[in-house]
Every structure is written in C-alpha cells, then in structure tokens.
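Down below is the structure, laid out as structure tokens.
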Amino acid sequence: MRFMILVKHDAADEAAENAGPPSDELLAAMGKFNEDMVKAGVLLAGDGLLPSSKGARVRFHGDGRTTVTDGPFTESKELVGGYWVLQVKSKDEAVEWASRIPFEGGEVEVRQMSELEDFPPEVAEKERALLEEMQRQQAER
C-alpha cells in the first residue's frame, strides 16, 4: 500500500519559510529520518514545497472557465508544506513512520493513495500504459 504523508502549514509556517532556511539541527534530523526510511525500503518520494508565494491556484468553475490566482494564499488556514510517499504494509505502519518525523510542532496528515486496481479495468489499463510511457521518458532523460 502507498501512503502520502502531507506536511500541514499555516501562515506562521509560511512566514518562517520566507525568513530563511530551517536550522542546521532540523535539517540534520530530517536527513536522518529520510535515511532511516530509505534503509527500511519504504520511501518512494518526498520533498518540501516552497512557500505559496511562489505558487498559483487554478480554480475550475464547472462551465469550462478557470481562474488563476498567484500566491501567497494568505486567506488559507491550511497549506501543504511538503510530503513523503511511502510503500508500507498498513496504515498503522504509515502512521508509525509519521510519528517519527522530527518536528517540534505542527501536524501531518496520512492518506492512502489509490492504486490501479481501485479503478475499472479499462481505466486501469489506460493508466498503466501512461505510467509505462512516463517511465520510458524518465529513462531517456
């Protein structure tokens, strides 16, 4: 099973990110945490995200129109500040890994990711072909 751990941020976190990089201690602790997940064979991907001031939101209106809003998203109570994708045997195992994140405060959300088997066979087959094409393209880079 794949799970995504989403790092929740708020306005204070955004302000701290804009003020400068994390402390050397936090970077070292995060590096050790990531290393532990790699050694355990559970980490598939993970990254921090830059502040929302460097992003954009695209809103869909249901009639074919879209609206683009550049960040920062100061009206938001919650933002995503980063993520990890884990391959584990259960939600309990994903939660156990999330509990080991070396944060002194804040919150993360653990969400199971859908798999191809969750979709009708014809949809899964098309998605499988797209994934194979993506992998081929990545191998060529």
Original post:
Mean residue ellipticity at 222 nm from the helices of the chain, using -39,500 (n - 2.57) per DSSP H segment of n ≥ 4 over the full residue count, to the nearest 500 deg cm²/dmol?
Top reply: -12500 deg cm²/dmol
Subject >> Length released on extending from E107 to D24, taking residue separation times 0.36 nm less the Cα-Cα span >> reply: 27.8 nm
Original post:
Which FRET efficiency, nearest 0.05, do Q135 and E115 yield, Cβ-Cβ r, R0 25 Å?
Top reply: 0.95
Original post:
Between segment 1-60 and segment 108-126, what's the alpha-carbon centroid distance in Å?
Top reply: 24
Original post:
Among the aspartates and glutamates, which have Cα under 19 Å from the Cα of K77 when same-chain residues fewer than 8 positions away are ignored?
Top reply: D10, D13, E14, E17, E107, E109
Original post:
Taking amide hydrogens as modeled 1.01 Å from N in the peptide plane, which residues meet the under 5 Å criterion relative to G71, leaving out close sequence neighbours?
Top reply: G55, A56, R57
**OP:** Any chance you could run the full-extension gain for K77 through R128? It's 0.36 nm times the residue separation minus the Cα-Cα distance, nm to one decimal.
**Re:** 14.7 nm
Original post:
So which GluC sites (Glu not before Pro) in segment 36-141 are both in a DSSP loop and have at most 14 other Cβ atoms within 10 Å of their Cβ?
Top reply: E75, E78, E104, E115
Subject >> Most fluctuating residue given options G64, G48, G31, as computed from a GNM of the chain linking Cα atoms under 10 Å >> reply: G64
Subject >> Of K8/K39; K39/K89; K39/K126; K39/K91; K32/K126, those spanning more than 27 Å from alpha-carbon to alpha-carbon >> reply: K39/K126; K32/K126
Subject >> Length gained when the stretch A16-M1 is fully extended (0.36 nm per residue, less Cα-Cα span) >> reply: 2.0 nm
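Read-outs throughout are calculated quantities, based only on the coordinates presented, and are distinct from any laboratory measurement. Remember, it's a predicted structure, so these values are computed and weren't measured experimentally. Using ideal geometry, Cβ is built from the backbone for each residue, glycine included, and neighbour counts are taken over all protein chains shown.
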